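**Q** Structure provided below as structure tokens; questions to follow.
Laboratory data are not the source of any read-out in this text; all were calculated from the coordinates shown. Because the structure is a prediction, the values reported are computed rather than measured. Neighbour counts are summed over all protein chains in view; Cβ atoms, including those assigned to glycine, are modelled from backbone coordinates with ideal geometry.
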Amino acid sequence: MKNKLNILYYSPIIPDLLKDSGKPTGGAAVEWNIWLKAFKKLGHKVGILTWEGAANYIGKEVEYDIVESYNDKKGIPKLRIIYNFIPNYIKAIISYGTDVLAMEASVDRAGLLAIITRLLGKKFVYRIASDMDVDGRLINNFSKIVLITFNFALRLSNHISCQNEYQYSMLKKKYPKKSISILYNPFIIREINLPEKRENYIAWIGNFRYEKNLPALAKIAAKLPGIKFKIAGSKFTTVDDDTKIGLAELEKLQNVDFVGYISNDDIPSFLSNAKILLNTSRLEGFSNTFLEAWSVGTPIVTTKNVNPDNIIGKFNLGKVAEDYDKIPEIIKKIFNYSEKEMKEISLRCINYIKEHHDYIALAKKFINEIKAV
């Protein structure tokens, strides 16, 4: 394969991230914004395959190409995929001179784009977004037909990239002969002035949805009335019942502040002033918020549900509870750390990011894996 690749990443969401629109975008958009910047720095031609009008919507220059394709508002909803989406996907992939089409998280489009990409003689690469992508839990979010086409896309893929060992082991059982690897999420270290002393609040960041377990967050905050919780995030258009219950309980608490959507530029300041970042998710793949927190020296408190490859314990980057009921006591202990203990754990967090998540080093590995298939 040629030395420099033409790489397209399919995403209807990244334009919202680039515009900083305030709409919830999810971790895959954040992650791939970094991958694409890294591929571009390495000299590859890089773009996102997205919807018609995206460039005007973003309204500014970005570091990679915006390849406009389909119009998701034209035509009859159940038929537009045939006469709108498919021909426009094909046209965009061909006209860009695409060598590789990559995807993550767009489960409902994976099967269709995998077929188109392979029929055109291009490489199809899928990046796993969450543990639920590999162990059957997607059935809670998608129809059986979508899951069948998604699994078909994985079978058609030239390469599957995983975020952690759990994802890798599950997929190797299903596809023992397929090219599958583990690459941790990339991160761009930003130089910021860290505060001399942190404020005594707990940060929580996430979109308000079932997987993030807001009821558990409410119970933890209720047990720690003397500690301030600052919650950053926003709702999707449709809110599940579990999340509604959690939000209602949180809104009753005097020690909880909803700070709303926080832009990417403001996240480092929000996290660097916090004592800890709390994660209450039921599942993740490799949370980008962990990387954001560690990059500014903020430790994580979470449960064993969300501790990819036991990294938190292995590198002493925070604390992991057996269950949600144990979290309040763990938080109390951390809030009693001496200034010296906090500085030691902060330094470990920052060094870990620099050593294991450098975006250029990981991008080189990713490119080599793609070229090898």
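**Q** Using only the alpha carbons of the stretch 106-182, what is the convex hull's orientation-averaged projected area in square nanometres?
**A** Working: hull surface 18.3 nm².
Orientation-averaged projected area of the Cα hull: 4.6 nm².
**Q** Contact order normalised by length for the stretch 201-356, with contacts defined as Cα pairs under 8 Å and 6 or more residues apart; what percent is it?
**A** So the answer I get is 22 percent.
**Q** Take the residue pairs Lys4/Lys122; Lys275/Lys333; Lys4/Lys37; Lys4/Lys172 and return only those whose Cα atoms are more than 18 Å apart.
**A** Numbers: Lys4/Lys122 15 Å; Lys275/Lys333 12 Å; Lys4/Lys37 15 Å; Lys4/Lys172 29 Å.
Beyond 18 Å: Lys4/Lys172.
**Q** Which loop-located GluC sites (Glu not before Pro) does the stretch 280-325 contain, where loop means any DSSP state but H, G, I, E or B and the Cβ has at most 13 other Cβ atoms within 10 Å?
**A** Hits after loop and neighbour filter: Glu322.
**Q** I've got another one for you. Once the Cα gyration tensor of the stretch 72-221 is diagonalised, what are the square roots of 5 times its eigenvalues, in whole Å and ordered largest first, as equivalent ellipsoid semi-axes?
**A** 33, 20, 20
**Q** Right, here's the next one. Can you compute the radius of gyration and Dmax for the stretch 228-299, using only the Cα atoms, both in Å?
**A** 13.1, 35
**Q** Right, something else. So what is the diffusion coefficient of the stretch 1-103 in µm² per second by Stokes-Einstein at 37 °C and 0.692 mPa s, using a Kirkwood Rh over Cα pairs? List each step's numbers first, then the result.
**A** Details: Rh = 14.2 Å.
Diffusion coefficient, whole number: 230 µm²/s.
**Q** Using just the Cα positions, wrap the stretch 144-300 in a convex hull and report its mean projected area in square nanometres, one decimal place.
**A** Details: hull surface 45.9 nm².
That works out to 11.5 nm².
**Q** Report, to one decimal in Å, the Kirkwood hydrodynamic radius for the chain based on all distinct Cα pairs.
**A** So the Kirkwood estimate lands at 21.6 Å.
**Q** Further, regarding this structure: Note down the nm distance, to one decimal, between modelled labels 7 Å out along Cα→Cβ at Ile245 and at Asn200.
**A** The modelled label-to-label distance comes out at 3.3 nm.
**Q** Please identify the trypsin sites (Lys or Arg not before Pro) of the stretch 1-73 that satisfy two criteria: DSSP loop assignment and at most 11 other Cβ atoms within 10 Å. Which are they?
**A** Lys2, Lys60, Lys73
**Q** Rounded to the nearest Å, what's the spacing between the alpha carbon centres of the stretch 283-299 and the stretch 227-255? Just the number, please.
**A** 21
**Q** Continuing with the same structure: Where does each of Val107, Val259 land when they are ranked from fewest to most other beta-carbon atoms within 10 angstrom?
**A** The order, fewest Cβ neighbours first, is Val259, Val107.
**Q** For helix 27-41, report the angle its Cα long axis makes with the longest principal axis of the Cα atoms of the chain; keep it between 0 and 90° and round to the nearest 10°.
**A** Roughly 60 degrees between the two axes.
**Q** Work out how much length Lys343 to Asp309 would gain on full extension: take 0.36 nm times their residue separation and subtract the Cα-Cα distance, in nm to one decimal. Kindly include the intermediate steps, with their values, before the conclusion.
**A** Numbers: separation 34, 0.36 × 34 = 12.24 nm, distance 2.46 nm.
Difference between extended and current length: 9.8 nm.
**Q** Test of understanding: ordering Met342, Met103 by Cβ neighbours within 10 Å, fewest first, what list do you get?
**A** Neighbour counts put them in this order, fewest first: Met342, Met103.
**Q** With springs connecting C-alpha atoms under 10 Å apart, model the chain as a Gaussian network and identify which of Thr117, Thr243, Thr25 has the largest mean-square fluctuation.
**A** Thr243
**Q** Among Pro268, Pro87, Pro215, which one shows the biggest mean-square fluctuation in a GNM of the chain, springs joining Cα atoms closer than 10 Å?
**A** Checking each option, the largest mean-square fluctuation is seen for Pro87.
**Q** Now, a different point. Of Ile14, Ser272, Ser338, which is farthest towards the positive pole of the chain's charge dipole, taken about the Cα centre with +1 and -1 on the beta-carbons of Lys, Arg and Asp, Glu respectively?
**A** Ile14
**Q** Using helices alone, what [θ] at 222 nm do you get for the chain, with -39,500 (n - 2.57) per DSSP H run of 4 or more residues, divided over all residues and rounded to the nearest 500?
**A** Details: 15 runs with 152 residues, N = 373.
One gets -12000 deg cm²/dmol as the mean residue ellipticity at 222 nm.
**Q** Among Asp108, Asp241, what is the fewest-to-most ranking by other Cβ atoms within 10 Å?
**A** Asp241, Asp108
**Q** Out of the stretch 192-276, which trypsin sites (Lys or Arg not before Pro) are coil in DSSP terms and have no more than 13 other C-beta atoms within 10 Å? Display every interim value, and only then the final one.
**A** Details: sites: Lys197, Arg198, Arg209, Lys212, Lys219, Lys223, Lys228, Lys230, Lys235, Lys244, Lys252, Lys275; in loops: Lys197, Arg198, Arg209, Lys252, Lys275.
Qualifying residues, ordered by number: Lys197, Lys252.
**Q** Let me ask something else about it. Angle, helix 339-356 long axis vs. longest principal axis of the chain, Cα atoms, 0 to 90°, nearest 10?
**A** 10
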